[in-house]
Amino acid sequence: MRLKHTVLPAAAALAVLGIGPEAAIRVMLGRNAAGQRIREKAMAKLEKRKSDPQDPMYRTGQYTALKNEENRQFLKEHPEERITVLSFDGLKLAGFIRRNRDTHRWLIAFHGYRADHTEIGRLLFSKEFDQLGFNVLAPDHRASGESEGNIIGMGWIERYDVLTWVNAVIEQDPDAEIVLFGESMGASSVLASAGLHLPANVKAVIADSGFSSVSSIASHVVEKKYRLPSKTVIALCDDAAERYAGFTLSEADIAKELEHVEMPVLLLHGKQDSIVPFENFEILSSVQPKSQITAVSFEHADHVCSSLDEPERYWQTVRDFLKSIPM
C-alpha cells in the first residue's frame, strides 16, 4: 500500500516533469551543462539580491565591492603555482598554491559545488588566510575546473581526494602543519574526511556552510524546486546513483563520518542560508564528541556569506580557534 500511495506518485511526478531517476542523477552528479546552469541560476539570484538596498544581502555586496581592488592586488602579487596529483581512482587533479613567507603552516581550501579553485580567492579566503600566516593550496575538485573526472561526488568521493592532497603537502613539506578548510560542498568534503583517520600533520578542520548528508541537500532541492515527496524520490534515485557514481544518496552521511573526528573542528554557517538550510549546521554541531566541535552561526548571512556579512566577527572567530590549536 505504501508503494502504491507514495513511490508510484513520486515516480509519476518525475515522469511528468521529464526527470526520471537516471536523468536526475546525471544532472546532479554529472559534469554537464544542465547541472552547471542550475548552479549558475542559484548564484545569480544571490548576486541580484546584493544590489537591492532593502535586502540583507546588500551589505554583503557592499563589503565585497569595498574589498575587490585590494583582493585583486593581493592575488596579482601572490601568483599561483600549479601542481597535480593522482587520485585513488586514477584521475589527474589540479591544485594551486599561493605561498606565504617561510612557514610550515598550510591551509588546504576546497571550493563549492560546480565552482573551481578561483572561488577561494574571489571570496577573500586566500587573502585572509595568507594574512594569518598560511600557505594556501586551493585544489579543483574532481570533475571541476582543471581536474579530470566526469562525476561529482558531493563530498562523499571527494573525502578521499582530501586525503590525497594532505599526503601531497606532507610529501612536499614533511613538517607541514595543516588546516583543512572548505566552503559549501568543500566543507562537507573536509568534514567527511574525518572518518579516514587523517595524518597527524592535520591539526584542525574549518567548515563553512556544509551539508550534513547528501540526501539532506538533495531533499531540499526536491521539495523546494519540484514540490515532490523527498523521501520517496531519494529512494527512487538511490539505485540510479549507485549505478552511476558508485554510492547511494542515502549512504553519504557526512555527520556520521564526523563522529570519528580526532581533531578540533570549527563549524560556521549563516542562519539565512537559502542553499544549504541551517538545519544542516544544527545536525553537524550536535555530533559527538561535542568537545571537539566549535559551532558559530551568523544571524543574517546567506550561503557562504558569513565572512562578508560579519567579517570582523567571522575572522576573529577563526583567529581565536586557530590560537587554541597547538601548531
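Readers should treat all values here as calculations from the given coordinates under stated rules, not as data from a laboratory. Quantities reported herein were computed from a predicted structural model and do not represent experimental measurements. Methodologically, a virtual Cβ is constructed for each residue, glycine included, from the backbone with ideal geometry; neighbour enumeration extends over all protein chains shown.
Some notes on this structure:
- Radius of gyration (Cα atoms) of the stretch 120-176, expressed as a multiple of 2.2 N^0.38 Å: 1.27.
- Here the ratio of the Cα radius of gyration of the stretch 270-327 to 2.2 N^0.38 Å is 1.20.
- Anisotropy class of the stretch 134-239 from Cα gyration tensor, a/c 1.5 cut: prolate
- Working from label points 7 Å from Cα in the Cα-to-Cβ sense, the R72 to D173 distance is 2.9 nm.
- Antiparallel DSSP beta bridges within the chain, as percent of all bridges there, nearest 5: 30 percent
- Pairs of Cα atoms in the stretch 147-304 fall into 5 Å distance bins, from 0 up to the last occupied one, in shares of 2, 9, 18, 21, 19, 15, 10, 4, 1, 1, 0 percent.
- Charge dipole (the stretch 153-253, unit charges on Cβ, about Cα centre) - positive-most of F247, I217, V190: I217
- Taking the number of Cβ atoms within 10 Å of each Cβ as an exposure proxy, the fewest-first ranking of C237, C305 is C237, C305.
- Length-normalised contact order of the stretch 37-100 in % [C-alpha pairs under 8 Å, at least 6 apart]: 17 percent
- Taking every C-alpha pair closer than 8 Å and separated by at least 6 residues, the mean separation divided by the residue count of the chain gives a relative contact order of 16 percent.
- From least to most packed, judged by other beta carbons within 10 angstrom and beginning with the fewest, I178, I152, I170 follow the order I170, I152, I178.
- Eigenvalues of the alpha-carbon gyration tensor of the chain, scaled by 5 and square-rooted, set the equivalent ellipsoid semi-axes at 32, 23, 19 angstrom, largest first.
- With Cα atoms, 0 to 90° folded angle of helix 33-49 axis to the chain main axis: 60 degrees
- Residues K48, K203 in ascending order of nearby Cβ atoms (within 10 Å, fewest first): K48, K203.
- Across the stretch 146-300, Cα pairs under 8 Å and at least six residues apart give a relative contact order of 23 percent.
- Extending 7 Å from the Cα toward the beta-carbon at both W315 and R39 defines two label points whose distance is 2.7 nm.
- Rounded to the nearest 10 degrees, the inclination of helix 311-323 to the longest alpha-carbon principal axis of the chain is 70 degrees.
- Relative to the longest principal axis of the Cα atoms of the chain, the long axis of helix 58-77 lies at roughly 50 degrees.
- For the stretch 226-298: rounded, prolate or oblate by the Cα gyration tensor [a/c cutoff 1.5]: oblate
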